[in-house]
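FYI, it's all coordinate maths here, none of it is from the lab. Since the structure is predicted, the reported quantities are computational estimates derived from the model, not experimental observations. Here the Cβ positions follow ideal geometry from the backbone for every residue, glycine too, while neighbour counts run over all protein chains shown.
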Amino acid sequence: MRAASWGARATGKRLGFVPTMGALHQGHLSLVRAARDSCEVVAASIFVNPTQFGPTEDLATYPRSFEQDCELLEREGVEFVFAPSVEEMYPSGAVTWVIVEGLSQKLDGKSRPGHFRGVTTVVSKLFHILEPDAAFFGQKDAAQVAIIRRMVRDLNLPVEVVVCPIVREPDGLAMSSRNAYLSGEQRKQALVLHRSLIAVQKLIDNGDTSSTKLTAAAKDIFATEPSVRLDYFEIVNPDTLDAIQDIRSGALIAVAAYVGNTRLIDNLLLNPRIK
Ligand code: AMP
């Protein structure tokens with residue numbers, strides 16, 4: 001992989017990188033297309049990173065479709081697919097971690113201890129291996145975006161972080177590899193995440209700006225779907241992930257919930273109001 005990316009960059013070409021855990025869907029492909037649009041060479045990685053899964057999480061059952069993923073990436077004109085083994089990425093005795101303190105304990109980090117430590121460690125390893133000019137991430141994982149941006153800034157990593165919008169199914173469900181776990185009934189129940197965000201957006205359009213009021217409205221929507229267990233519904237500063245009381249200076253409205261055993265996330269990013 002190093003030889004390939006050095007080769008590309010030695011000829012002065014801009015290298016774009018799309019890190020994924022595979023089981024690719026249109027959300028992933030939107031990142032690939034954004035990379036394709038602005039970079040002469042595109043590399044994608046497929047690596048189900050064990051260090052970002054908790055001991056009771058779905059590492060063993062995480063959907064894997066390597067052959068199909070490669071076909072999709074080839075069709076998008078991706079030059080390189082990097083799919084290392086776990087042993088290559090984590091030789092035995094590896095004890096070095098990259099931790100973005102504070103931010104990593106917020107939102108998903110609260111309910112998934114160690115998750116973001118795994119993410120930042122593997123992403124920095126991938127950045128070191130590929131040395132991309134730009135790396136493409138989805139707004140779907142909003143906390144991840146804030147944490148990666150902070151890591152890149154704090155560690156002076158010479159990579160441009162590009163964030164692409166959330167890609168949804170026609171009925172509004174945010175695309176996710178984990179949607180494959182849902183039964184027909186759960187698939188319908190899962191729409192409550194998006195429904196809660198739409199309801200909040202409507203209140204905001206009507207002039208509401210108080211986080212307390214917006215959160216209460218979202219929780220009322222969740223109450224209509226009692227089989228879905230809300231993990232968090234939070235209104236935070238998109239960079240610090242700290243709770244904010246009012247959305248007028250911009251906000252990340254983020255939600256996570258369990259549909260059966262499947263944990264799903266979604267969010268809405270609001271720009272600051274221009275007075
Ligand atoms: P994953 O394979 O889940 O680790 O995701 C790899 C990348 O794809 C991450 O940057 C995700 O944020 C992004 N991604 C996943 N789902 C979506 C989606 N529905 N829309 C946009 N980006 C997504």
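Hydrophobic long helices, here whole DSSP H runs in the chain with Kyte-Doolittle means of at least -1.0 and Cα atoms spread over 30 Å or more along the helix axis, are not found. Taking other residues whose beta carbon is less than 14 angstrom from the beta carbon of H194, and scoring Lys, Arg as +1 and Asp, Glu as -1, yields +2. With contacts taken as Cα pairs under 8 Å and at least 6 residues apart, region 42-184 reaches a relative contact order of 23 percent.
Among beta bridges from DSSP that stay inside the chain, the antiparallel ones total about 55%. A straight chain from L269 to R248 at 0.36 nm per residue would run longer than the Cα-Cα distance by 6.4 nm. Compared with the alpha-carbon gap, the fully stretched path from R168 to Q105 is longer by 20.0 nm at 0.36 nm per residue.
Hey, got the dipole for region 29-153? About the Cα centre, +1 on K and R Cβ, -1 on D and E Cβ, debye to the nearest 20?
Rounded to the nearest 20 debye, it is 720 debye.
Rounded to the nearest whole Hz, the Karplus-based 3J(HN,Hα) values (6.51 cos²θ - 1.76 cosθ + 1.60, θ = phi - 60°) of region 47-64 follow the sequence 8, 7, 7, x, 6, 9, 9, x, x, 9, 8, 9, 3, 5, 9, 3, x, 10, with x at glycine and proline. When we measure straight from the Cα of K125, which aspartates and glutamates land under 17 angstrom away, once same-chain ones fewer than 8 places off are left out? Leaving aside aspartates and glutamates fewer than 8 places away in the same chain, those within reach of K125 are E87, E88, D133, D154, E160. Could you tell me which of rounded, prolate or oblate describes region 125-250, using a ≥ b ≥ c as the square roots of the eigenvalues of the alpha-carbon gyration tensor, with rounded for a/c under 1.5 and, failing that, prolate when a/b is larger than b/c and oblate otherwise? Oblate is the answer for region 125-250, as a/c is 1.5 or above yet b/c matches or exceeds a/b.
Using a cut-off of 21 Å between Cα atoms, the listed pairs K110/K213; K106/K140; K110/K140 include K110/K213 as exceeding that distance.
Using Cα centres only, tell me the gap between region 1-58 and region 67-109 in whole Å. The two parts, judged by their Cα centres, are 9 Å apart.
Apply the a/c threshold of 1.5 to the C-alpha gyration tensor of region 1-92 and tell me whether it is rounded, prolate or oblate.
oblate
In this structure the amide hydrogen of E160, modeled in the peptide plane, comes within under 5 Å of the amide hydrogens of A134, A135, none closer than 5 places in sequence on its chain. The dipole here belongs to the chain: it is taken about the Cα centre, uses +1 on the Cβ of Lys and Arg and -1 on the Cβ of Asp and Glu, and is about 500 debye.
Net charge of the neighbourhood of I99, taken over other residues with C-beta under 12 Å away and scored Lys/Arg +1, Asp/Glu -1, is 0. Go through L230, T262, S5 and say which Cα lies farthest out towards the positive end of the charge dipole of the chain; charges sit on Cβ, +1 for Lys and Arg, -1 for Asp and Glu. The Cα lying farthest towards the positive end belongs to L230. One way to sum up the overall shape of the chain is the equivalent ellipsoid from its Cα gyration tensor, whose semi-axes run 32, 21, 19 Å, largest first. Other residues with beta-carbon under 9 Å from the beta-carbon of R9 carry, at +1 per Lys or Arg and -1 per Asp or Glu, a net charge of 0. Taking amide H atoms as placed 1.01 Å from N in the peptide plane, the amide H of V42 lies under 5 Å from those of G16, E79, F80, each 5 or more residues away in sequence or on another chain.
Adding -39500 (n - 2.57) for every DSSP H run of four residues or longer, then dividing by how many residues the chain holds, sets the calculated 222 nm ellipticity at -11000 deg cm²/dmol. Site pair R33 and H128 shows an inter-label distance of 3.5 nm when each label is modelled 7 Å from Cα along Cα→Cβ.
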